[in-house]
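The values are calculated or read from the model by the stated rules, or taken from the named source; none is laboratory data. Small disclaimer: the values here were computed from a predicted structure and weren't measured. FYI the Cβ positions are ideal-geometry reconstructions off the backbone, even for glycines, and counts take in every protein chain you see. The area values use the complete protein model at the heavy-atom level, side chains included, leaving out ligands, DNA and RNA. Shrake-Rupley method; radii C 1.70, N 1.55, O 1.52, S 1.80 Å.
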Amino acid sequence: MLTIKQITDNTDAVIRGLEKKHFKNAQETIGQVLETNDKRRNTQTILDKNLSEVNSLSKSIGLLMKEGKKDEAEAAKSRVAELKEANKALQEEMDQAATDLQNLLYTIPNIPYDSVPEGVGADDNVVEKMGGMETELPKDALPHWELAKKYDLIDFDLGVKITGAGFPVYKGKGAQLQRALINFFLDEARKSGYTEIMPPTVVNAASGYGTGQLPDKEGQMYHCEVDDLYLIPTAEVPVTNIYRDVILDEKQLPIKNCAYTQCFRREAGSYGKDVRGLNRLHEFSKVELVRIDKPEHSKESHQEMLNHVEGLLQKLELPYRILRLCGGDMSFTAALCFDFEVYSEAQKRWLEVSSVSNFDTYQANRLKCRYRTAEKKTELCHTLNGSALALPRIVAALLENNQTPEGIRIPKVLVPYTGFEMID
């Protein structure tokens, strides 16, 4: 969430940033924010003045009575009662203005950094780097959903029977490959200095608002209405919310956490080009990196996270590319975001497997996540997160790109985790 100071100090720059993210009615919304804030401040000024007068009159009443000025004392009492009644209405008006202001601010996305390219959607993203090994497949190469059936790795129909579309059942070596990837990703994160967290996979509304999933992505989250709890779309939500309403010591930063969780997204399998197989799911496994940092160090942290994710893809021997997202394709909360995609040789398409984002102070302001400097000054932290990695499309690419006439080859780095070198 943007702060009022950010908006009032740089109104024109904020509007330009929102327009870069293609936020509709940016100027109108910021105008409403400023108007509502003025109303809140003006009401506060009147209320403060009235309270001061009440305080002054209350002190004078006793003195007037001692001096025998009964009529003046009664007039003062009457004025105090009048002011107190007016103050109730003013307080209600100010509270309503504050609520309206908060709700308006919740609807405004983060401002993109200057380094974010202009653009409307995915076609305008900039390819920063390409890497990995070129793949040559047999002429009769199969897509992963056919490989999964051929080798009895994943049963999509059984998932539909048990739950519905987008909830696959992993079996045998398919389940072992999933577990191998999870353990590999967690071990690599630990080697890079991340502390593993095992958080809940349901969160309250305050947590959703804290990281910006609410109210922006309410339609994409599974909601347990009776308990007013949400199934998490990513471990970013519970892990970042560990630091909600927390003041950290500067010496604790940067904080580096990782977490494996199941993730749930209602809309994930309902639309889009090619939703077959593992390309889009309602439930999937993911290892997430979350960092809390000082503003002056967050750029370095972001680069370290990008290097970490790239290293995973290199070790998995997958062809990949890194995209710098344009303003129109970035998430609601991000100030800067890079996507990692792996190439599916059998499908002849790129598959997104990670987004690595810097949120600047946007989430921290919502969370009230702060740190105390050596000078005892309290400042907002920067928050960052990235997938390292999301499993479904990694599994899809591994199955497709490593298929041979003898079976599916397991990358060397995963063999100690799977216990087998080939799926046959």
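Numbers below:
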read-out: Rounded percent of accessible protein surface that carbon and sulfur make up, the range 363-422, 1.4 Å probe; value: 50 percent
read-out: Mean shadow area of the range 189-273, taken as a quarter of the surface of its Cα convex hull (nm²); value: 7.3 nm²
read-out: 27 Å Cα-Cα reach of LYS129 towards lysines, excluding residues that sit fewer than 8 places from it in its own chain; value: LYS20, LYS21, LYS191, LYS256, LYS273, LYS286, LYS299, LYS315, LYS348, LYS412
read-out: Contact order relative to length of the range 164-246, as percent, for alpha carbon pairs under 8 angstrom and 6 or more apart; value: 27 percent
read-out: Over the range 344-424, volume per residue of the alpha carbon convex hull, in Å³; value: 143 Å³
read-out: Probe 1.4 Å, protein heavy atoms only - accessible area per residue of the chain in square angstrom; value: 49 Å²
read-out: Loop-resident sites, the range 10-75, for trypsin sites (Lys or Arg not before Pro), counting at most 15 other Cβ within 10 Å (DSSP); value: LYS24, LYS69
read-out: Helix axis angle, 70-106 relative to the chain longest principal axis, alpha carbon, degrees; value: 20 degrees
read-out: Förster radius 56 Å - calculated FRET efficiency between MET65 and LYS150 (Cβ-Cβ, nearest 0.05); value: 0.05
read-out: Net charge over other residues, Cβ less than 14 angstrom from the Cβ of TYR222 (K, R count +1; D, E count -1); value: -3
read-out: C-alpha long axis of helix 26-66 to longest principal axis of the chain, angle in °; value: 30 degrees
read-out: Folded to 0 to 90 degrees: helix 172-191 orientation relative to the chain principal axis, Cα; value: 50 degrees
read-out: Net charge, LYS21 excluded, C-beta distance under 14 Å - Lys, Arg +1, Asp, Glu -1; value: -4
read-out: Gain on full stretching of the segment that runs from ALA75 to LEU142 - 0.36 nm per residue minus C-alpha separation; value: 15.0 nm
read-out: Whole-number Å³ per residue for the convex hull built on Cα positions in the range 5-99; value: 91 Å³
read-out: Accessible-area composition of the range 165-280, carbon plus sulfur, in percent [1.4 Å probe]; value: 49 percent
read-out: Coil-residue GluC sites (Glu not before Pro) of the range 77-130, DSSP, other Cβ within 10 Å capped at 13; value: GLU118
read-out: Sparsely packed trypsin sites (Lys or Arg not before Pro) within the range 219-265, loop by DSSP, other Cβ within 10 Å at most 11; value: none
read-out: Cα centroid separation - the range 353-369 against the range 100-167, whole Å; value: 21 Å
read-out: Spin-label model distance (nm) - ILE197 vs VAL120, 7 Å beyond Cα toward Cβ; value: 3.8 nm
read-out: Radius of gyration and maximum dimension Dmax of the range 135-184, Cα, Å; value: 12.6, 37
